[in-house]
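Okay, so here's the structure we're looking at.
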Amino acid sequence: MTTKTEKTRDHILTVGRRLMSELGFNALGLGLLLKEADIPKGSFYYYFASKEDFGCKLLEQYIAYYHERLDALWSREGRSGRQQLMDYWDQWVVTQCPVNAENTCLIVKLGAEVSDMSEDMRTILANGATSIVARLSAQIRKGQKDASLSMDIKADETAAMLYQMWLGASLVAKLEHAAGPLVQARANSEALLPAPSTANQNQ
């Protein structure tokens, strides 16, 4: 059973994640966070040693939440490994569209900002990105096992390439305030993840 203390802590993190998605880490002042979460200043320091500690806890929670979303997305019945990967990219287009700032990926949002100011936060983000690439690689192998993806695909290399491409596309989409880079990344992903029949036709 979740205790009142855990509920309050999770509430602060949830409000903080929404605000940080919109404002970033440095621009998020504690005053605004306390106001939006409706808690006194003393309560914040009861749960978190500092703003940086808060940032670390928030990112750890976010990475765990991200993997829970992957679990849900990739456990849908009746979808091949390839289809589940395409579901993931389709979801990325929607959630990372510039008009949907509240749901922006925190790895995209905070990667450059915190890397030079907090080694702990940088490490959490780096490890999170590595874990996502590992999941993508495993998903590619799943698609190869169920014959929905070409066996010619190098799972580890392609997973890293795809993830890096989508991170870059998300950044450019924010710069341009347009979904075009994400749509292009979706098309590129389709080409990089050919089904066996498609691969044979191209030989």
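Just name the residue that is surrounded by the fewest Cβ atoms within 10 Å (Cβ to Cβ) out of those in the stretch 37-93 that are of a type in the set (Phe, Trp, Tyr) and closer than 25 Å to VAL183 by Cα. The selected residue is TYR65.
Every residue, every condition in (1) surrounded by fewer than 19 Cβ atoms within 10 Å (Cβ to Cβ); (2) closer than 26 Å to ARG79 by Cα; (3) in contact (Cβ under 8 Å) with a residue 12 or more places away in the chain, yes or no:
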position: LYS142; (1), (2), (3): yes, yes, yes
position: MET151; (1), (2), (3): yes, yes, yes
position: ALA173; (1), (2), (3): no, no, yes
position: LEU193; (1), (2), (3): no, yes, yes
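Taken over the stretch 27-58, residues that are touching a Ser or Thr at 6+ places or on another chain (Cβ under 8 Å) and not in a helix (DSSP H, G or I) amount to 1. Scanning the stretch 1-56 for residues that are touching a residue at least 40 places away in the same chain (Cβ under 8 Å), aliphatic (A, V, I, L, M) and closer than 21 Å to ASP116 by Cβ returns a single hit, MET20. Close contacts from the stretch 109-134, counting a first residue that is closer than 15 Å to LYS51 by Cα and a second that is of a type in the set (S, T, N, Q) and part of a helix (DSSP H, G or I), with Cβ to Cβ under 7 Å and a gap of 6+ residues or different chains, come to ARG122/SER115. Taken over the stretch 34-64, the residue count meeting the criterion of being within 25 Å of ALA126 (Cβ to Cβ) and not hydroxyl-bearing (Ser, Thr, Tyr) is 15. Filtering the stretch 105-150 to residues that are in a loop (DSSP other than H, G, I, E, B), modelled with pLDDT of 95 or more and not charged (D, E, K, R) leaves ALA147, SER148, LEU149, SER150.
The values are calculated or read from the model by the stated rules, or taken from the named source; none is laboratory data. Computed from a prediction, not measured in an experiment: that's the story for all the values here. In this analysis, Cβ positions are derived from the backbone assuming ideal geometry, glycine residues included, and neighbour counts consider all displayed protein chains.
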